[in-house]
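**Student:** The structure under discussion is supplied below as structure tokens; questions concerning it will follow.
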Amino acid sequence: MKYYSTNRQSPKISFKEAVIKGLPQDKGLFFPEKVPTLSAAFFEALPGMALPEVAYKVLQPYVAEDISPVALRQICDEVFNFPIPLAKVEDGIYSLELFHGPTCAFKDVGARFMSRCLQTFAEPDKPITVLVATSGDTGSAVANGFLGVENIDVVILYPSGGVSDIQEMQFTTLGQNIHAVAVDGSFDDCQRLVKQAFADPELSRDMQLSSANSINVARWLPQMVYYFYAWGQWRNQQDTTTEVTFSVPSGNFGNLAAGVLARQMGLPIKYFVAATNLNKIVPAYLESGEYTPAPSVATIANAMDVGSPNNFPRILEIFRNEYENLKAVVKGYWTADEPIRETIKAVQEQGGYLLDPHGAIAFMALKEQLPTLQTDGIFLETAHPAKFKQTIDEVLGADIALPDQLAVFLGRPKQASHIPNQFEALAELLQEHHKIHTPTGN
Ligand SMILES: *Cc1c(COP(=O)(O)O)cnc(C)c1O
């Protein structure tokens, strides 16, 4: 399988090259040249299949030329080693709980898969430095995903004082090959520094830099796996005449793009709902046909505060830019903060299910639209509610417990370098790291 750029101005390359490069030269997104379809026998067996087996079957055609069957099996066993249960919330509405991984958010799946791919590709005398900017959640997922992976050094830039305490603990207390760097600036400044590093000829001459950004194919493709797995679990509970809608809380739209690709591979999903907070670029596009990126607005579902969704071109690619076809399958929904709070409280009081602010939006979308769509609904519960403890505690008037994965970080000493918002400072820091971590010493 080769990968082309959605802007079509860069050459086709292998999976391995696409993972290491991250982004094509022409600033498009890498996309598989063929979308393989899975057999009827696969879908028949799916309801009884274990998660790592589903992962292997779905991902194998995308990586076969660069990762051997044995290595891929091992990667799938390691990455998908936590449960992804489908919980019934009420009649016809199910929650796909993607928060049982090490950092309690769905980003664990992509970050862990990407780290194992890079580990397979890295050579001892050619270590890879993964450079990533974070506003919070990506940093923890990437840090945990890459922790202890040989020949890979991870440098995480974050806005000094601009992430929550628990988020900061998740990537500054790990040690080993994970280095946190607090920047005197905003998240946008961090992203700008990362971009500058990738464009710098001296740095790219001296070291192999890679990005763990959410547009990387190795983070994007494995997200398909849980749509298949969810469908299998849902089928186990349902007769065969019912159809299903997936509601996806969306920011950069990688998650939804993965679902749409899974459908393209043959997974019988009737509709999707693109559910957003006030950053409603895509729902507005589905309504009016006009695509207008805007500066992001801060909300209580902050992992979705994105004004220019960088994975959306992949969805357009799958629908070949045919607006009517896209609209027939993908519905839009958006909401402000206050109804999210009310929903979290009401659902907790009525049935005892605790939603996080992101999953709550996707749940609300199903409540509104299922009567029209006439299907069952599965919403993606993308993070553990305790990751947003302050909001949830305020809404419920309670003091909810942290899961063990998060509680272990409390009280551990934080370690981070601190740099001014200047590229020279970052370049110097990277060169220093590189000297220390290259075994030959040159
Ligand atoms: C990143 C994130 C999202 C948005 O996912 P995209 O793939 O960027 O659309 C939703 N919920 C949570 C909790 C997230 O961390």
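**Student:** Please find, within segment 237-250, the residue that is farthest from the ligand (Cβ to nearest atom) out of those that are under 16 Å from Phe363 (Cα atoms) and of a type outside the set (Ser, Thr, Tyr). Full working, then the answer.
**Tutor:** As a first pass, look at segment 237-250 and keep what is under 16 Å from Phe363 (Cα atoms): 244-250.
Now drop any that are not of a type outside the set (Ser, Thr, Tyr), which leaves 244, 246, 248-249.
Numbers: Val244: 20, Phe246: 13, Val248: 7, Pro249: 5 Å.
Restricting to residues being under 16 Å from Phe363 (Cα atoms) and of a type outside the set (Ser, Thr, Tyr), the top hit is Val244.
**Student:** Identify, please: which residue in segment 88-135 is within 23 Å of Ala365 (Cβ to Cβ) and among the charged types (D, E, K, R) and is, among those, nearest to the ligand (Cβ to nearest atom)?
**Tutor:** Only one residue fits best here, namely Lys107.
**Student:** Does Phe409 qualify as being surrounded by 13 or more Cβ atoms within 10 Å (Cβ to Cβ), not aliphatic (A, V, I, L, M) and not in a helix (DSSP H, G or I)?
**Tutor:** Here the answer is yes, as Phe409 does meet what is asked.
**Student:** Does segment 184-236 hold any residues that are away from the ligand (no atom under 16 Å from the Cβ), surrounded by 20 or more Cβ atoms within 10 Å (Cβ to Cβ) and of a type in the set (Ser, Thr, Tyr), and which are they?
**Tutor:** Ser210, Tyr229
**Student:** Show the residue pairs meeting these rules: Cβ distance below 8 Å; 6+ apart or different chains; first residue within segment 291-309 and at pLDDT 90 or above; second residue of a type in the set (Ser, Thr, Tyr) and away from the ligand (no atom under 11 Å from the Cβ).
**Tutor:** Pairs that qualify, where the first residue is at pLDDT 90 or above and the partner is of a type in the set (Ser, Thr, Tyr) and away from the ligand (no atom under 11 Å from the Cβ), are Tyr291/Tyr285; Thr292/Tyr285; Pro293/Ser308; Ala294/Ser308; Ile300/Thr391.
**Student:** Yes or no: segment 268-285 includes at least one residue that is away from the ligand (no atom under 15 Å from the Cβ), of a type outside the set (Val, Ile, Thr), in a helix (DSSP H, G or I) and closer than 18 Å to Pro222 by Cα.
**Tutor:** Within segment 268-285 (the criterion being away from the ligand (no atom under 15 Å from the Cβ), of a type outside the set (Val, Ile, Thr), in a helix (DSSP H, G or I) and closer than 18 Å to Pro222 by Cα), the answer is no, since none of the residues qualifies.
**Student:** Pick out the one residue from Glu394, Glu368, Glu342, Glu349 that is assigned to a helix (DSSP H, G or I), surrounded by fewer than 17 Cβ atoms within 10 Å (Cβ to Cβ) and in contact with a strand residue (DSSP E or B) (Cβ under 8 Å, 6 or more places away or on another chain). Give the steps one after another, and end with the answer.
**Tutor:** Details: Glu394 fails: in contact with a strand residue (DSSP E or B) (Cβ under 8 Å, 6 or more places away or on another chain); Glu342 fails: in contact with a strand residue (DSSP E or B) (Cβ under 8 Å, 6 or more places away or on another chain); Glu349 fails: in contact with a strand residue (DSSP E or B) (Cβ under 8 Å, 6 or more places away or on another chain).
Answer to the check: Glu368.
**Student:** Picking from Val306, Val297, which residue would you name as being assigned to a loop (DSSP other than H, G, I, E, B), surrounded by fewer than 21 Cβ atoms within 10 Å (Cβ to Cβ) and in contact with a Gly (Cβ under 9 Å, 6 or more places away or on another chain)?
**Tutor:** One residue alone meets the criteria, Val297.
**Student:** I'm told Thr240 meets every condition in (1) among the hydroxyl-bearing types (Ser, Thr, Tyr); (2) free of Cβ contacts under 8 Å to residues at least 40 places away in the same chain; (3) touching a Leu at 6+ places or on another chain (Cβ under 8 Å) except one. Can you identify the failing condition by its number?
**Tutor:** (3)
**Student:** Only one of Val63, Val89 is surrounded by 19 or more Cβ atoms within 10 Å (Cβ to Cβ) and closer than 23 Å to Gly145 by Cβ. Can you tell me which? Break it down into steps so the answer makes sense when it comes.
**Tutor:** Details: Val89 fails: closer than 23 Å to Gly145 by Cβ.
Answer to the selection: Val63.
The values are calculated or read from the model by the stated rules, or taken from the named source; none is laboratory data. Keep in mind that what you see is a predicted model, and the values were worked out from it rather than measured. Neighbour counts are summed over all protein chains in view; Cβ atoms, including those assigned to glycine, are modelled from backbone coordinates with ideal geometry.
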